[in-house]
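The values are calculated or read from the model by the stated rules, or taken from the named source; none is laboratory data. The shown structure was predicted, so the numbers you read here are calculated from the model rather than taken from an experiment. Glycine also receives a Cβ, built like all others from the backbone with ideal geometry; neighbour counts cover every protein chain displayed.
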Amino acid sequence: MSPSSTTQRLDVKKTYKLYIDGQFPRSESGRSYVVNDSKGKFLANASQASRKDARDAVRAARAAFGGWSGRTAYNRGQVIYRIAEVLEGRRDQFEAELRAAEGISAAMARKFVDASIDRLVFYAGWADKVAQVVGGANPVAGPYFNHSAPEPSGVVAIVAPDRPLMGLISVVAPVITTGNTCVVIASEKYPLPAITLGEVMATSDLPGGVVNVLTGSVAEIAPWLASHLDVNGIDLTGVEDAELAADLEVSAAENLKRVRRPGLEDLVAPPPLDRMTKFLETKTVWHPMGI
Amino acid sequence: MASSVSEATSSDAALRRFLHGLPGVDQVGAEQRAAGLGTRSIKTTAKAWAIDLAIRMVDLTTLEGNDTPGKVRALANKAMHPDPLDPTCPSTAAVCVYPDMVATAKKTLGSSGVKVAAVATAFPSGRAAMPVKLADTRDAVAAGADEIDMVIDRGAFLSGRYLEVFEEIVAVKEACGDAHLKVILETGELQTLDSVRRASWLAMMAGGHFIKTSTGKIQPAATLPVSLVMLEAVRDFREATGQMVGYKPAGGIRHSKDAIKYLVMVNEVAGEDWLDPDWFRFGASTLLNDLLMQRNKLKTGAYSGPDYVTLD
Amino acid sequence: MTKFEYAPAPESRAIVDIKPSYGLFIDGDFVDGHGKSFKTISPSTEEVLAEIAEADDADVDLAVKAARRAYTRVWSKMSGAERGKYLFRIARIIQERAREFAVLESIDNGKPIKETRDVDVPIVAAHFFYYAGWADKLSYAGYGPDPQPLGVAGQVIPWNFPLLMLAWKIAPALACGNTVVLKPAETTPLTALLFAEVCQQADLPPGVVNIVTGAGETGRAIVSHPGVDKVAFTGSTDVGRAIAKAVAGSNKRVTLELGGKAANIVFDDAPVDQAVEGIVNGIFFNQGHVCCAGSRLLVQESVAEEVLAKLKRRMKTLRVGDPLDKNTDVGAINSAEQLAKIRELSEIGEAEGAERWSPKCDLPQNGFWFPPTIFTGVSQAHRIAREEIFGPVLSVLTFRTPKEAVEKANNTPFGLSAGIWTDKGSRILWMASQLRAGVVWSNTFNKFDPASPFGGYKESGYGREGGRHGLEAYLR
């Protein structure tokens, strides 16, 4: 017997797949792409999602929308908080993944994970407050009860920025907190933490389909989401190619999607309200007051 | 519907189910519809026609504690010849008095065609025992009243004793003999338009020939929204039963402009069949002089004044 | 012959002074355009009212530059309180000249004087009044401690509520410190040009409001002008789509208020007489030229017959004719083009097997007219149940359960408005929460107020006009 057989154990490596409808399927295309670490060393093969995966993800997001948006805001807040709790429990794994992906220090990785967890907690608290902040009673000149309240736009497609965990959470959490469901294209460069985050969400009471994570080529997948008629909004935060961004906006116009144009804010600063409000509709209800 | 009327009135519970099964009335919507109709602009020939019709629809009324035969005789003369200087001016539909004045009124009006209406059943409160109310009615009819304006028991209605109200109307109608029965709902005390609709149906199902808003002693008396609901009721009742019931708003209608708004509403809500003194009346006193002044204005082109119409 | 014939009661035209021709209102003055001109006609008589300048690219450029100058030098530097005072002035002048605006709008648009007098113009004044008060309170509006204007707003408005849409666009833009270049619709330019006169009477600094007249090309020139920071559009979904595409990749902000195909849902426990009024008001108000019109009646099967009988009886009392007659309920269709579209879709409705009904009504010989019309036996698969007709044409569908009503109501790419009629409070609130529409009228319909946000879901556009929400489109 060689010594290695008793002291060395071969790692069981994770297969990084997509996260669609609460499941972890491979791309229907059977494709994958190589993800290297910051020094160019092979880390893993990530699934390379196809237009059909995007289609399936939209279908899952649409199916989940009624249930998720119909939950009480309090309950959605609880679920988002639960994601934070589970993430906290698996922080070592994320720190390791961030260090591998970005080649950052342990302290820096810890800081990013801290901030990511805290951002989830921040949005968990928003769920049952946003309606009070952006809605309210309207004093119309007549005998009417008139009230405006925000409602989620529906299914939102998101192109996440190239900031593996914090960037992803900063674009996904505000969208789902308010009751939207989403299909997010993870950072093409750093797809692995996104899929691991999918594992966290899958075990956090978040219903399947609320968040669907695709990995692969933004240029390939995003146009299908931008032109999809059952997608209500698109967040182009992570689109770096200005021409592609303009094309996506043109496609999005076909069914008047709500569009958030490219660009990522300073993630350390308090998040802008429009991360939530861009994908909220205002519904105004009138009713007469009489005896 | 005839069978369903008897079914609906077979018990208190059945009547309640029926009345509460009528469609609700949204107050704000009803008020807006009434206000909208009030913006109709009735000019020139249409106005002249409407004023003469309105005069023919007036139940010229005096219902005061200090009424005397002299006052009633004067009123009756005014009813016959509202404008003594103009023979083309029509008479009013009726005079409306307390039962003890019926004989005087009848005698003065003679064969003029102007009818005598008497308020009865312990008008205006209706707070008396049944035999008293019936005696009141019979007394007025015996004195020659062509029409009886009764009041419903609003207390009974508001406490949900619908069958009691129904049976009272039926009994008074019987006491009326050949006289026509107008049923006063006193809508100002019913307060909600839902109650106005239910009371209207109750009165119509009990056989009232007319439904009438008010005694004139309670504010608010006749209003356009209440009239809207009551005109919808007579319209729908005819649709359901084939029977036509008249409508009389009373109290608070003082100006020609208001009267014309009512006629527009009658025309557009109940329909033109009701544009007839047999089916629509104004319970009013001061309205007549304003109609006469407007009539003169249309004739001469100059505004008239109170000294040019008779005060009786 | 009816018993009670209402004699004609025309509002006098003498109050308005329509000039033979109009230029463009740029930098505080009326100037000749570089381009051609076009005629605006009265849709009720086809009489030519005036010759209107058609702004070309150069004219639009001048207007945008004037707006930019006014923005940089005057308007963005002025305190909110002072801006507000200008808007209060404008509101007051509109009130003072209300009758003139109402008559002019009725002549140019074809809508009844009853509506311009009682709805359009009063809400216009109220809208300016409302936003005037916001001008010095923007830091309390929930858009940050020191919200800033965007710059020059290019605004393109439709012909159905010409002056009201102008107010919805200009009042919040100015209150927030922006300057504007506004294009009224080519068939209804006159009240916007009269509004320019109001700006002069109010001593509004030159260039703060610029009115350029013209058709689609002029609109395109505004939308694509690089000096425009914000585009606000009300009109068709197709044009809205084109605008969204035109500004893609730019920094221009956009709000769009587009088409609709609203469901007006009547339950068996509805206050039925008010529901009938709501149906009538929902589809025949403004000849049905209303983006939020209740053009699909969804009536519960158990009361469908009763509701339809009452609706038909009510429709027989609608008075169609001279917009200036104070008793007119339904005026003229705004243009020959729109009339052709309404006719075409109505013919399609018949061809698809729906049953068409209109009350007997004598339509005037000249002008563009279409009688109030309902189609019964319509299903979701009919084109008249899906496409916006933008005319006095109602499609009647039935449903059996609240869930079915919601499904049918939401089964459209539009999402602007919806109506619910029932006496059951909890059902109203449940329905209101389920309907994917920006405005839900329960036991009422087609109500508007400056304080009440208006705008759609889905392909009915994005952004809100009215209320605190209406400020967002003009601030950063």
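Worth pointing out:
- Residue in the range A:127-147 that is surrounded by fewer than 21 Cβ atoms within 10 Å (Cβ to Cβ), out of contact with any strand residue (DSSP E or B) (no Cβ under 6 Å at 6 or more places or on another chain), assigned to a helix (DSSP H, G or I) and more than 14 Å from chain C (Cβ to nearest Cβ) present: no
- Residue check, A:Ser29 at pLDDT 95 or above and either within 17 Å of A:Val175 (Cα to Cα) or crowded, with 19+ Cβ neighbours inside 10 Å (or both): no
- Any hit, the range B:247-259, residues being surrounded by 23 or more Cβ atoms within 10 Å (Cβ to Cβ) and in contact with a Pro (Cβ under 7 Å, 6 or more places away or on another chain): no
- The lone criterion from (1) more than 7 Å from every other protein chain (Cβ to nearest Cβ); (2) within 18 Å of C:Ala9 (Cβ to Cβ) left unmet by B:Leu60 is number (2).
- Here B:Leu181 fits the description: crowded, with 20+ Cβ neighbours inside 10 Å and outside any helix (DSSP H, G or I).
- Any hit, the range C:124-145, residues being in contact (Cβ under 8 Å) with a residue 12 or more places away in the chain, surrounded by 23 or more Cβ atoms within 10 Å (Cβ to Cβ) and more than 22 Å from C:Ala81 (Cα to Cα): no
- C:Gly425 being under 30 Å from C:Lys252 (Cβ atoms), among the small types (Gly, Ala, Ser) and not assigned by TED's automatic domain parsing to the domain that holds C:Ala132: no
- For the range B:28-44, a residue qualifies if it is within 12 Å of chain A (Cβ to nearest Cβ) and either in contact with a Pro (Cβ under 7 Å, 6 or more places away or on another chain) or on the phi > 0 side of the Ramachandran plot (or both), and the qualifying residues are B:Val28, B:Gly29, B:Ala30, B:Glu31.
- Tabulated pairs, the range A:54-76, first at positive phi, second of a type in the set (Gly, Ala, Ser) and modelled with pLDDT under 95, C-beta under 7 angstrom, 6+ apart or interchain: none
- Any helices (runs of 4 or more DSSP H) falling wholly within the range B:223-312 and containing at least 2 residues that are within 12 Å of chain C (Cβ to nearest Cβ) and of a type outside the set (Val, Ile, Thr): B:224-241, B:256-265
- Of the set (1) at pLDDT below 95; (2) under 22 Å from C:Ser302 (Cα atoms), all apply to C:Thr398 but (1).
- Here the range C:398-433 is the region considered, the condition is being in a helix (DSSP H, G or I) and crowded, with 19+ Cβ neighbours inside 10 Å, and the residue that is nearest to the other protein chains (Cβ to nearest Cβ) is C:Ala432.
- Of all the listed residues (A:Gly30, A:Gly40, A:Gly66), the sole one being assigned to a helix (DSSP H, G or I) and over 18 Å from A:Ala194 (Cβ atoms) is A:Gly66.
- Filter pass, C:Asp118 being touching a Phe, Trp or Tyr at 6+ places or on another chain (Cβ under 9 Å), at pLDDT 95 or above and not hydrophobic (A, V, I, L, M, F, W, C): no
- Within the range A:96-122, tally of residues that are in contact with a helix residue (DSSP H, G or I) (Cβ under 7 Å, 6 or more places away or on another chain), in contact (Cβ under 8 Å) with a residue 60 or more places away in the chain and crowded, with 18+ Cβ neighbours inside 10 Å: 5
- Residue within the range B:20-27 that is in contact with a helix residue (DSSP H, G or I) (Cβ under 8 Å, 6 or more places away or on another chain), crowded, with 20+ Cβ neighbours inside 10 Å and within 30 Å of B:Ala143 (Cβ to Cβ) present: no
- In the range C:304-323, the qualifying residues are those that are in contact (Cβ under 8 Å) with a residue 40 or more places away in the chain and in contact with a Gly (Cβ under 9 Å, 6 or more places away or on another chain), and the one that is nearest to C:Asp273 (Cα to Cα) is C:Val320.
- Check on A:Ala242, surrounded by fewer than 19 Cβ atoms within 10 Å (Cβ to Cβ), among the aliphatic types (A, V, I, L, M) and modelled with pLDDT of 95 or more: yes
- B:Ala135 being more than 21 Å from the chain's Cα centre (by Cα) and under 19 Å from B:Ile218 (Cβ atoms): no
- Residue in the range B:120-127 that is farther than 23 Å from B:Lys173 by Cα and away from chain A (no Cβ under 14 Å) present: no
- Reported count of residues in the range A:84-108, each being among the hydrophobic types (A, V, I, L, M, F, W, C) and over 16 Å from A:Gly167 (Cβ atoms), is 6.
- Within the range C:326-338, the residues that satisfy the criterion of being closer than 14 Å to C:Pro364 by Cα and either part of a helix (DSSP H, G or I) or more than 14 Å from chain B (Cβ to nearest Cβ) (or both) are C:Gly331, C:Ala332, C:Ile333.
- Residue identified as surrounded by fewer than 24 Cβ atoms within 10 Å (Cβ to Cβ), in contact with a Lys or Arg (Cβ under 6 Å, 6 or more places away or on another chain) and among the charged types (D, E, K, R) among C:Arg314, C:Arg241, C:Arg319, C:Arg253: C:Arg253
- Cβ-Cβ under 7 Å pairs, at least 6 apart or on other chains, the range C:210-235 side at positive phi, far side assigned to a loop (DSSP other than H, G, I, E, B) and of a type in the set (Asp, Glu): C:Gly214/C:Glu54; C:Gly214/C:Glu186
- Residue in the range C:152-165 that is surrounded by fewer than 24 Cβ atoms within 10 Å (Cβ to Cβ), touching a Leu at 6+ places or on another chain (Cβ under 7 Å) and at pLDDT 95 or above present: no
- Listed by position, the helices (runs of 4 or more DSSP H) inside the range B:1-107 whose residues that are over 30 Å from A:Pro288 (Cβ atoms) number at least 2 are B:2-8, B:12-20, B:44-56, B:69-80.
- Among (1) surrounded by 23 or more Cβ atoms within 10 Å (Cβ to Cβ); (2) modelled with pLDDT under 95, the one test that B:Gly208 misses: (2)
Residue by residue, here is whether (1) farther than 24 Å from A:Asp128 by Cβ; (2) within 14 Å of another protein chain (Cβ to nearest Cβ); (3) touching a His at 6+ places or on another chain (Cβ under 8 Å) holds:
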site	(1), (2), (3)
A:Leu168	no, no, no
A:Lys189	yes, no, no
A:Ala194	yes, no, no
A:Gly198	yes, no, no
A:His228	yes, yes, no
A:Leu244	yes, yes, no
A:Asp266	yes, no, no
A:Pro270	no, yes, no
